[in-house]
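The values are calculated or read from the model by the stated rules, or taken from the named source; none is laboratory data. The shown structure was predicted, so the numbers you read here are calculated from the model rather than taken from an experiment. Here the Cβ is made from the backbone with ideal geometry for all residues, glycine too, and neighbour counts use every protein chain on show. When the accessible area is computed, the model is the full protein with side chains, heavy atoms only, and any ligands, DNA or RNA have been set aside. Shrake-Rupley method; radii C 1.70, N 1.55, O 1.52, S 1.80 Å.
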Amino acid sequence: MSEKAILTAEDMRRALTRISHEITERNHGCQDLVLVGLRTRGVPLAQRIAAIMKDFEGAEVPVGALDIGLYRDDLSSRSSQARVHHTDIPTNISDKQLVLVDDVLYTGRSIRAAMDALMDLGRPTVIQLAVLIDRGHRELPIRPDYVGKNVPTSRTERIQVRLVENDRVDEVVLIATDELSPHTATIRQ
């Protein structure tokens with residue numbers, strides 16, 4: 001396996017700043033806006049976006065954390081027991097403009113599961129999607145509204161987002177493997 005750096009910490013900062021401005025512009029400010037990060041790395045990305053918005057808009061944007069473990073359509077193939085984390089949405093999402101935040105968009109199955117989970121919590125006016133990396137290979141008709149970087153990949157490659165909050169470093173790397181291994185098959189969707 002080999003690793004190739006795709007984004008540095010500074011590249012990530014720039015991408016998140018651009019995404020923050022695009023979200024604010026498209027939603028005509030921050031009123032009725034809620035950011036919801038997918039566990040695990042979508043949460044700190046959503047928190048960073050909210051902090052950037054506070055800097056230039058002066059408004060606090062609520063940030064929630066969503067666990068999709070029980071909503072996945074591949075539970076039987078992932079493990080014998082679903083790994084469940086805490087969902088924490090700090091406000092009622094009904095009639096809000098909701099931005100779902102994730103690190104990597106791949107097949108779209110995680111996002112579909114996230115939308116199912118959100119609908120059990122309320123009915124937002126709109127759900128938009130912000131991702132740091134879009135790597136293609138969609139299996140479902142899901143398209144991000146905000147993208148940090150498009151990275152065309154093969155199915156034998158993985159994208160790994162590393163964040164200071166989880167990994168002590170900010171970077172995105174492309175990991176090339178010789179063939180599709182069981183480890184590669186568990187990549188983030």
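Structural remarks
- Some residue of the range 136-146 being at positive phi and assigned to a loop (DSSP other than H, G, I, E, B): yes
- Subset of the range 56-83 that is at pLDDT below 60 and part of a loop (DSSP other than H, G, I, E, B) - its residue that is nearest to I19 (Cα to Cα): R83
- S20 being over 16 Å from the mean Cα position of the chain (by Cα), of a type in the set (S, T, Y) and open to solvent by less than 70 Å² (accessible area, probe 1.4 Å): no
- Members of the range 84-116 that are part of a strand (DSSP E or B) and either open to solvent by less than 50 Å² (accessible area, probe 1.4 Å) or in contact (Cβ under 8 Å) with a residue 60 or more places away in the chain (or both): Q97, L98, V99, L100, V101, D102, D103, V104, L105
- Selection count where residues are part of a helix (DSSP H, G or I), within 24 Å of G108 (Cβ to Cβ) and hydrophobic (A, V, I, L, M, F, W, C), scope the range 11-55: 9
- Unique match (being over 17 Å from V147 (Cβ atoms), touching a Pro at 6+ places or on another chain (Cβ under 6 Å) and in contact (Cβ under 8 Å) with a residue 12 or more places away in the chain) among V34, V43: V34
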